[in-house]
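The structure appears right after this line, and notes come after that.
The values are calculated or read from the model by the stated rules, or taken from the named source; none is laboratory data. Quick caveat, the model's predicted, so the values are computed rather than measured. Please note: Cβ atoms are built from the backbone with ideal geometry, for glycine as well, and neighbour counts cover all protein chains shown. In case anyone asks, the SASA skips ligands and DNA or RNA and just uses the protein heavy atoms, side chains included. Shrake-Rupley method; radii C 1.70, N 1.55, O 1.52, S 1.80 Å.
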Amino acid sequence: QVPLKPGRSLMDWIRLTKSGKDLTGLKGRLIEVTEDELAKHNKKEDCWICIRGFVYNVTPYMEYHPGGEDELMKAAGTDGTDLFDQVHRWVNYESMLKECLVGRMAVKPIAASKGEGFKNEIISIMLYSKIFFSSLYFLFYSYDWFQTDSLITVVIYTKQKDVNAELVIVDCQDRRLRGEIIMDDHSYLVEVDLDHAVQEDVAVNIAEKVGKVEIIFKKKDNIHWKMLGKPSESHNTFIKRTDRGLFYRKCKLVSKAEVTHDTKLFCLMLPKSTHLRVPTGQHVYLKQIIAGTEVVKPYTPVLPFLPLDFKEPSCQGGAHIYLMIKIYSCGLFTQALDHLQIGDYISVSSPEGNFKKSQVQTSEDLFLLAAGTGFTPMVKLLNFALTEVSCLRTVKLIFFNKTEDDILWRNQLEQLALKDERFEVQFILSQPTKDWVGKQGKISSSLLSEFVKRSRKNSKVLICICGPTPFTEQGVQ
């Protein structure tokens, strides 16, 4: 993120889009845009970008873009879909840029091939690939359903031996059942509008050794179902997760507690008809409508506290998601979050992220570099490392903050260091008082070289870093 000029906040952008001003330069007309036409608009003062087949004039948005003008210019006059997906696929650009919509990309005509044989060969290859891929997925995935007088059971056969609770996401909203199985960067989906009503509670059983997943509902009425329901367009598909799109469910705020002077711990309760576990190192997105515009932000769930007995605390009355969030005085999204009352609802996405636990499981030394709320991804990681990874010799957290008052869970971290001899925590302040006796400064190679040391020669090291962009970039360097 880059510092924006005064009057260029998200709220200012929302006001501008609602002012009635012509932001496309086309006086409300929508046009079909050719590749040649798109390529002409590649300057800061005249910048068009294509995302998923739609072209936007982002010139007026330049000064409001949190990532800065240079990031937008990387896609100027081109199709920026891949770049957009790499950086922030979760952002609802349709809502943010709807007043900047120029039109749709023109469909390219397919040039007629001179050789008919060549064309037939291409078609054969395409058909073969499609059939091969389809048979590959049917080899692994299929589903069935059964009923008794009172129950409906949907069974998904994955034929994978490592299916666990974190890879299964189930939701049932307004009679629509959605069961998703995550397999690396792909997902398999069963999605139907159920034939009859079911009760809120859902049970999910996983037979890990055979890769069988059972989703069990209680019928509202003890009647015989003739069919499971009407399938959606996405039903029974196995596709890349990035092509699937984010799915949200409404979660209830059940508690809000102060952690420091500006950071709070929010506890959200998942609906009874949802089964969802956020894997270590992954995040969720929160979505709110602010001044008529959908705003989305990513957060990494934490535990309610650092368990000194190394067991994840169980919660009564349904699964909970805990989020540790810093409230910014001029932050549009976090201010709206802070104004939520107990009992209010907020939309929470399915988990995202590509962190692999195996990276930790094969390491001997784990170093966690965190600044401010960059500490949040480290919470579950710490718990996982100290509980389940026996090959780790040292786990060290190097925690950067401005002042002592900013240190999150200081007492808990110090207790944990006393409890487990493998764990060490080092606090470093950039704006300490004169009473501070610990280390001070900002992230630098000289500071890190003091703390980031192997426990023995050639030991396998994993370093994880999280914090504001300048901190992360400096740390990586």
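Evaluated against (1) assigned to a loop (DSSP other than H, G, I, E, B); (2) open to solvent by 50 Å² or more (accessible area, probe 1.4 Å), THR260 falls short on exactly one condition, (2). Determine whether ASN236 is on the phi > 0 side of the Ramachandran plot and out of contact with any Ser or Thr (no Cβ under 8 Å at 6 or more places or on another chain). So ASN236 fits the description; yes. Within region 460-477, the set of residues being over 30 Å from PRO3 (Cα atoms) and either out of contact with any helix residue (DSSP H, G or I) (no Cβ under 6 Å at 6 or more places or on another chain) or in a loop (DSSP other than H, G, I, E, B) (or both) comprises LYS460, VAL461. When LYS240 is tested against the conditions (1) closer than 30 Å to PHE84 by Cβ; (2) open to solvent by less than 80 Å² (accessible area, probe 1.4 Å), the lone failure is (2).
Among the numbered conditions (1) over 26 Å from the mean Cα position of the chain (by Cα); (2) over 16 Å from ILE239 (Cβ atoms); (3) in contact (Cβ under 8 Å) with a residue 24 or more places away in the chain, the only one that TYR143 does not meet is (2). Residues considered: LYS212, LYS252, LYS219. Of these, the only one that is in contact (Cβ under 8 Å) with a residue 24 or more places away in the chain, in the same structural domain as PRO279 (by the TED database) and surrounded by 14 or more Cβ atoms within 10 Å (Cβ to Cβ) is LYS252. Could you tell me whether ILE342 is farther than 26 Å from LEU413 by Cα, open to solvent by 60 Å² or more (accessible area, probe 1.4 Å), in the same structural domain as GLU294 (by the TED database) and at pLDDT 95 or above? Answer is yes for this residue. When region 345-380 is filtered for residues that are in a helix (DSSP H, G or I) and under 21 Å from LYS297 (Cβ atoms), the ones remaining, listed by number, are GLY372, THR373, GLY374, PHE375, THR376, PRO377, MET378, VAL379, LYS380. Take the residues of region 427-444 that are in contact (Cβ under 8 Å) with a residue 24 or more places away in the chain and open to solvent by 40 Å² or more (accessible area, probe 1.4 Å): which is nearest to ASN401 (Cα to Cα)? Ranking the qualifying residues of region 427-444, first place goes to SER430. Does GLU258 satisfy being acidic (Asp, Glu) and touching a strand residue (DSSP E or B) at 6+ places or on another chain (Cβ under 8 Å)? Against the criterion (acidic (Asp, Glu) and touching a strand residue (DSSP E or B) at 6+ places or on another chain (Cβ under 8 Å)), GLU258 qualifies.
Kindly indicate whether ASN92 is surrounded by 15 or more Cβ atoms within 10 Å (Cβ to Cβ) and touching an Asp or Glu at 6+ places or on another chain (Cβ under 6 Å). So ASN92 passes the test.
Okay, residues lined up against (1) part of a helix (DSSP H, G or I); (2) hydroxyl-bearing (Ser, Thr, Tyr); (3) in the same structural domain as GLN361 (by the TED database):
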residue: PHE384; (1), (2), (3): yes, no, yes
residue: GLN412; (1), (2), (3): yes, no, yes
residue: ILE428; (1), (2), (3): no, no, yes
residue: SER449; (1), (2), (3): yes, yes, yes
residue: ASN458; (1), (2), (3): no, no, yes
